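These notes are about the structure you will find just below.
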Amino acid sequence: MSATDFAELSERYAERGDLRMAQLAAWAADVHTLEELLWENGLGQAPDPDAQLAAVGESVAASLENIVLPARLSARALLDAAREAMVTTFDQSVHGLLSDRFGDLDHLDHAHVAQETPSSRTEDRLDGRTAAELAAELRTAAADCATMATLLGAGGEDGPAVRLARQADAAAFEAYLVLAAIRSGDHTLATVDLRWDLVAEQSGRERFASAVGSAEHAALHLVLEPADAP
C-alpha cells in the first residue's frame with residue numbers, strides 16, 4: 001500500500017463521519033510518505049535498513065511527544081502540528097522534500113463526528129475478551145481452518161479447501177494486527193481497524209503484506225506461512 005491508499009481511506013472515513021479514524025489514516029499516509037522518501041534516498045544501502053527505519057520512527061515519536069498543543073484543536077490543526085513535528089525531526093534540506101509530498105487535508109474540515117467512540121469500537125471487537133485472548137482465539141481459528149483446508153485439498157475438494165485457506169489467512173492476519181497493536185501500546189486497537197479496513201475490499205494473500213510496513217514483512221510471513229493450503 002502507498003501513502004495514497006491511506007489518504008483515500010482517510011477520505012472514506014471522513015465521508016462516513018468517523019473523524020478519529022480519518023485522522024489516523026491521514027497520519028498513516030504521512031508515515032508512509034516518509035518511508036517512501038527514505039527508501040528513495042538510500043535507505044536500502046544502510047547496513048540494517050529495518051533498524052535504521054526503527055531509529056527514524058523513534059526520533060519522530062520523540063518529536064511528537066514534545067509538541068505543546070492548545071486545549072482545543074481542530075482535527076486538521078492536529079494533523080498540521082504532527083506534520084510539523086515530523087518534518088522538523090530532520091535536517092533543513094529534507095523539509096521541503098517531505099512537506100511537498102504530504103496530501104491534502106481538506107476533507108478533515110468537512111467531516112462530521114460520528115457517535116461511535118473509540119472505547120465502544122474496542123469493546124465490540126474484544127466482546128469481553130482481553131486483546132491477548134482475542135489474538136490467541138484468532139490464531140487457533142487460523143490453525144483449525146488451515147488443517148481442514150489441507151484435508152479437504154488432499155481429498156480433492158478444492159473449492160472448500162481454498163475458502164478455508166482464505167479464512168485461515170484472514171484470522172492469522174487479524175491475530176497479527178492485534179498482537180502488533182498490543183506491542184505498540186495501541187490499547188484501543190485503532191491500528192487493527194485501520195489496517196484491516198485498508199485490505200477489506202481486496203483479495204489474495206498479498207494484500208496482507210501490502211498493509212504493513214516493510215520492517216514487518218518477515219514477521220507477517222511467519223504468521224501466514226503455516227496457513228498454506230493447496
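Read-outs: derived from the displayed coordinates by stated rules, not from any lab. Note that the coordinates shown come from a computational prediction; the quantities given were computed from them, not determined experimentally. Neighbour counts run over all protein chains shown; Cβ positions are idealised from the backbone, glycine included.
Once R0 is set to 30 Å, what does the formula 1/(1 + (r/R0)^6) return for the Cβ-Cβ distance between Ala143 and Ser2, expressed as a FRET efficiency to the nearest 0.05? Once rounded, the FRET efficiency stands at 0.40.
Note on the chain: helix-only mean residue ellipticity at 222 nm, from DSSP H runs of 4+ residues weighted -39500 (n - 2.57) and normalised by residue number, equals -22500 deg cm²/dmol. For region 142-186, the residues whose amide N sits under 19 Å from a probe point set 7 Å from the Cα of Ala200 along the beta carbon direction are 167-179, 181.
When each full DSSP H helix of the chain is screened for a Cα extent of at least 27 Å along its own axis and an average Kyte-Doolittle hydropathy of at least 0.0, the helices passing are 19-40, 131-154, 158-184. Scoring 13-22, 81-90 by mean Cβ neighbours within 10 Å over their residues and listing the highest first yields 13-22, 81-90. In this label model, Val94 and Arg12 are separated by 3.1 nm, measuring between points 7 Å along each Cα→Cβ vector. Rounded to the nearest 20, the size of the Cβ-charge dipole of region 102-185 about its Cα centre is 340 debye, with Lys and Arg at +1 and Asp and Glu at -1.
Placing +1 on each Lys and Arg Cβ and -1 on each Asp and Glu Cβ, with no other charges, gives the chain a dipole about its Cα centre of roughly 360 debye.
The stretch between Asp109 and Arg163 holds 15.3 nm of extra length on full extension. This uses 0.36 nm per residue minus the Cα-Cα distance.
Computed with the Debye formula from one identical point scatterer per Cα of the chain, without solvent, the log10 of I(q)/I(0) at q = 0.11, 0.15 Å⁻¹ comes to -0.64, -1.11. Let me know the shape class of region 118-227, please: from the alpha-carbon gyration tensor, a ≥ b ≥ c as square roots of the eigenvalues, rounded when a/c is under 1.5, otherwise prolate if a/b is greater than b/c, or oblate. Verdict is prolate for region 118-227.
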